[in-house]
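The values are calculated or read from the model by the stated rules, or taken from the named source; none is laboratory data. This is a predicted model, so every value here is computed, not measured. When we count neighbours, we look across all protein chains shown, and the Cβ atoms used for this are built from the backbone with ideal geometry, even at glycine.
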Amino acid sequence: MKLLRLLFLLTALISLSCNSSSKATNGDGPDEEQIEMMAKKMKEAGFMSGTVVYSDVEGDCAYTIDVDSEDFKYLLDPINLDEKYQKDGAKIWLKFGGLRMPNRCEKANPVSIIEIQERM
């Protein structure tokens, strides 16, 4: 009789744990809804999204930022990009200020990074 009760209790616990109503993620990070909410929040705070691009072409800027814009494509030449973000393909959020100085490379405009964060 005790064995039957124990078996019933274990079955009930397993059944309850399998029927969880909470949203589960695959453990790889935030889901799409969370990413969209974060993007909206960052844009409202004045950040722009971009991707760091590395180039080893002579006369080219070593690191530029490809700004994600729906209107047109443009590249920024950050004069103060921290080594932490100097990775080809790094996804970032940034605030920047334009600079009144000659371009260091032909394809990108020089900027000073005011604030930068990694993007998911």
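Here are a few things to note about the model shown:
- Of residues in the range 61-120 being closer than 24 Å to K41 by Cα and acidic (D, E), the one surrounded by the most Cβ atoms within 10 Å (Cβ to Cβ): D66
- Residue list for the range 72-96, restricted to those being closer than 16 Å to P110 by Cβ and among the hydrophobic types (A, V, I, L, M, F, W, C): L75, L76, I79, L81, L94, F96
Condition check ((1) modelled with pLDDT of 90 or more; (2) outside any strand (DSSP E or B); (3) touching a strand residue (DSSP E or B) at 6+ places or on another chain (Cβ under 8 Å)) across all residues:
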{"site": "S22", "(1), (2), (3)": "no, yes, no"}
{"site": "G27", "(1), (2), (3)": "no, yes, no"}
{"site": "E36", "(1), (2), (3)": "yes, yes, no"}
{"site": "K41", "(1), (2), (3)": "yes, yes, no"}
{"site": "T51", "(1), (2), (3)": "yes, no, yes"}
{"site": "D56", "(1), (2), (3)": "yes, yes, no"}
{"site": "D60", "(1), (2), (3)": "yes, yes, no"}
{"site": "D71", "(1), (2), (3)": "no, yes, no"}
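- Within the range 74-85, residues that are within 17 Å of P102 (Cα to Cα) reach partners that are among the basic types (K, R) with beta carbons closer than 6 Å, at six or more positions or on different chains, in the pairs L75/K107; D77/R104.
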